[in-house]
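K.L.:
Let me begin by handing over the structure; questions about it come next.
What follows is calculated from the coordinates using simple rules that are stated; it is not laboratory data. Computed from a prediction, not measured in an experiment: that's the story for all the values here. Counting neighbours? That spans all protein chains shown, and the Cβs are built from the backbone with ideal geometry, glycine included.
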Amino acid sequence: MTGLGVATKTVRTGPVAAVRPDIQGLRALAVLAVLADHLFGWPTGGYVGVDVFFVISGFLITALLLREYESSGRISLVSFYRRRARRILPAATVCLAVTVAAAWLVYRSARFDSIADDAFWSLLFVSNWHFAATGKDYLGAIGPVSPLQHFWSLAVEEQFYLCWPLIAVAILGLTRRRGSQRGSVVAIFAGVLIISVIGFLLAVFETASEPAWAYFSTLSRAWELAAGALLAVATGRCARIPSRWRYPLAVCGLVMIGSGMLLFGATTAIPGPWSAVPVVGALLVLAAGIGVRAHRPWFLCAPAVGYVGRISYSLYLWHFPAIALSAALLPAGPASTLLIVVVLSALSVASFYLVEEPLRRGHGVVRRAKASSWWRFRGTGGLVGLRTAVVAAVAGSAAILLATILGPSQSQLAATAAPRLGGGSAQAVLSADLDIALRADQWPELSPAIDGISDSGRPPRDRECAAGLTNVDRSSRATGAVDGGDELGSVIEGRLADCVFGDLTSSRLAVVAGDSIAITWIPMVREFLEPFGYRVQGLTMSGCPFVATDTRNAASDIAAFCPDHKAATVAAINALQPDLVFVSNTFEPWLAGDVGGDGGAARYAAGQRSIVEEVAGSTNAVYLLAAPPPGKALEDCATRVSTPANCVSGVPDQWRRFNLAMTESLASTTRTTYIDTSGWFCSAAGQCPSFVGHTPTRRDAAGHVVPAFAAQLSPVLSEIVGDPRG
């Protein structure tokens, strides 16, 4: 974040502007929270560090502008933009260049092309709009995740830096002609207040209607930067805060920030309204430290914490590429995490001393240590620190290389895997094939190819089957073109025709219901049933699990139409009276409300049973297929330097909890058979290869089945269902 590294002085509250070590401490807290969230998945709300950065940036940049206006009566836009460019561009450009080069060395062409495209938009500082337009969900992303996705927040700040000085100059220029300098500052305050209020209301609206878009949008984030700017304009008032209130205010602010980090998660409504919690917290910490050093929290002002704050911009720049690229090269585990921390630290320190500091201060990168302040860390040890950084970088890189070369081979990983002999000959053959795949130490020629599998591995009519029965254009709903009755019925009938396969005149009918996981099972159901003359009807909707439990989705259309789709699906099954019904849903839902200690498994399973009971009387049998255990995205783990071992995954605890809850809940449901599908993808020891024979099993980390592999599973399904003719 660029808010990590601008000058750490407030507007003048006395003869000399005061240094703010507590701001460096606040930066350190924010960047460490973001790093911990991305590296360890805890704290789950570590992303609120970005909100803190935005407040700091708005505060400091506005303070700098006002200080210049106060001292000279004008603001030099040329000087401002030159300082910003010198401060931000060099380190960001180096990070982008190194990341793209590393991606070229590591990834296959389709994955590299995607990262190169992200780098282009990041270099222009519009990547937030790029990620919003391509539908990438920063919190719920299941891969492959761009190693440059964190540049979205830098883009938001740069767009603020571009526009806000122009607005400030315009307001100051217009008001100065008509009044005093004090009147100009009052006008600035009023302008920022309006931006803050309107921006917050817009953030609340966009978060409710388009949460993924709102997360990246400059318009829904501007209020956070404006809140910091508002505080900068009000520093004169804040300087008069009684001393006895300052420390409690700062502690209260830190508690608010910490609460957001610990209590927020992927389903929290951000940036509106809940980002207000860390934003207000950051404002309290900043306000408490204006003008009075003695009452700032000591733990924010500690030298070690301050040093992390100093290098926080470099830390933020390098952390996501280091994590993403290391995940493609190293197996998961504590040793790999330690290596990532070492390499990240080395990269950040080297970037700070070699690029960020010398160019920010106007020095060249190559300059004698005697004349360059960037060699010094608090006056001593700069050369030693730089040498340490270089040694750490070399050592970390060598360790990663050795871990890659000397790490356990695929045959070693599979050594403890006993054959899974399943429920019949087809399952026995599949179990043997899984064990063979686990022993592979070289990539076979796969079809579909790994490169671009996220697109090529989609089933036929994926888009049509994903639309749902009631998900019509929003404009049609708004104008009343579709408002129920016969017209809505015709929409549902048209959607039924969009996702039907086989002999359309056949009296034998099988229905597949559920979310996008169910869509990927359709090729298996077709391969099994079409030879018996069945037609297969998809009643599916991506992002909408066929359960009675309320679920959430970041896409507003899905969230709006999911309840109607589920009701329409129940009505359609009861009307169609199919011979067989197959149901499958993700085990990673966004449940509405409190999930409880089991992650929502019991509530989700109860909702699954409830909706199945609504249709069980209208069919001969219901088969509920467990979602495949999520694995690794092939485009991430199958790199130019990896082996099949890098893509072996396990069965997550979350999946096991949901699977157990489903087994128990559906055990006594009439005409319903629950199928544990883990043995279709994983060995008895819980190791799951990314391919069987020459066919990839799943196209992404969420467990969406590749159509060719789904079709290969039809003999296993046949052993469970038996003769479908009745």
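K.L.:
Provide, as a two-decimal number, the C-alpha radius of gyration of region 528-592 over 2.2 N^0.38 Å, N being how many residues it has.
P.N.:
Taking N as the residue count of region 528-592, the ratio is 1.26.
K.L.:
So for region 526-629, averaging the separation of alpha carbon pairs under 8 Å that are six or more residues apart and normalising by length, what relative contact order in percent results?
P.N.:
It comes to 35 percent, rounded to a whole number.
K.L.:
Name the residues whose placed amide hydrogens come within less than 5 Å of the amide hydrogen of ARG698, ignoring near sequence neighbours (fewer than 5 apart) on the same chain.
P.N.:
VAL706
K.L.:
Another one. Run the numbers for ALA560 and LEU162: contour at 0.36 nm per residue of separation, minus the present Cα-Cα distance, in nm.
P.N.:
139.7 nm
K.L.:
Here's another thing I want to ask about it. Report the far tail of the P(r) of region 2-329, meaning the percent of Cα-Cα pairs longer than 30 Å.
P.N.:
More than 30 Å apart: 32 percent of the Cα pairs in region 2-329.
K.L.:
Then there's this: Using alpha-carbon positions, what is the distance between the centroids of region 632-661 and region 454-469, in Å?
P.N.:
23
K.L.:
To the nearest µm²/s, what D does Stokes-Einstein give for region 425-721 at 4 °C and 1.567 mPa s, using the Kirkwood radius over alpha carbon pairs as Rh?
P.N.:
Using the Kirkwood radius from Cα pairs, D works out to 66 µm²/s.
K.L.:
Quick one: 3J(HN,Hα) in Hz for region 700-713, Karplus 6.51/-1.76/1.60 with θ = phi - 60°, rounded, Gly and Pro as x.
P.N.:
8, 6, 7, x, 5, 6, 5, x, 5, 6, 4, 5, 5, 7
K.L.:
Okay, moving on. Would you order ILE198, ILE522, ILE453 from fewest to most other beta-carbon atoms within 10 Å of each residue's own beta-carbon?
P.N.:
ILE198, ILE453, ILE522
K.L.:
Using modelled backbone amide H atoms (1.01 Å from N, in-plane), which distant-in-sequence or interchain residues come within less than 5 Å of THR672's amide H?
P.N.:
It is VAL622, by chain and number.
K.L.:
Okay, moving on. Within a 10 angstrom radius of the beta carbon, how do ILE241, ILE188 rank from fewest other beta carbons to most?
P.N.:
ILE241, ILE188
K.L.:
Would you mind ranking SER71, SER127 so that the residue whose beta carbon has the fewest other beta carbons within 10 Å leads the list?
P.N.:
SER71, SER127
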